[in-house]
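Scroll down for the structure; my scribbles are underneath it.
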Amino acid sequence: QGQLVESGGGLVQAGGSLRLSCVASGLTFSTKTMGWFRRAPGKEREFVASITYNGGTTNYRDSVKGRFTISRDNAKHTVYLQMNSLRPEDTAVYYCAARDGSGATRYEFYYNYWGQGTQVTVSS
């Protein structure tokens, strides 16, 4: 059974940076599209970024373009989310997800595996 474990969350001031990591086990990581999602207090979970199995295609929600970067290291079974210029509205629980199918997608329906999440809090 596939498992995803996120780390790297924390408290940071506005304008600061954090790097989230997600380590996968029990699944063929190198064939999976990976995604990051987030859920802010009182809101539904939303797409943040995705990356195809070989890193060839990435996608971002508009509000994080130019500030966040998704990347992966297939040898380490790890996907990363580098977050720069953080804003208070980025405060959320961030989730890592893996998709069995090929192709990047922002729709959580297509993701088969989910981590437990890591809290990111940005103070103003």
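The values are calculated or read from the model by the stated rules, or taken from the named source; none is laboratory data. Note that the structure is predicted; figures quoted are calculated from it, not measured. Using ideal geometry, Cβ is built from the backbone for each residue, glycine included, and neighbour counts are taken over all protein chains shown. Note: areas computed on protein heavy atoms with side chains; ligands, DNA, RNA excluded. Shrake-Rupley method; radii C 1.70, N 1.55, O 1.52, S 1.80 Å.
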**Asked** Between Arg87 and Ser30, what is the label-to-label distance in nm when each label sits 7 Å out along the Cα-to-Cβ direction?
**Response** 3.9
**Request:** With no solvent and one equal point scatterer placed on each C-alpha of segment 1-95, evaluate the Debye formula and give log10 I(q)/I(0) for q = 0.16 Å⁻¹, two decimals.
**Result:** -0.64
**Request:** For the chain, report the accessible area per residue in Å² (1.4 Å probe, heavy atoms, rounded to an integer).
**Result:** 51
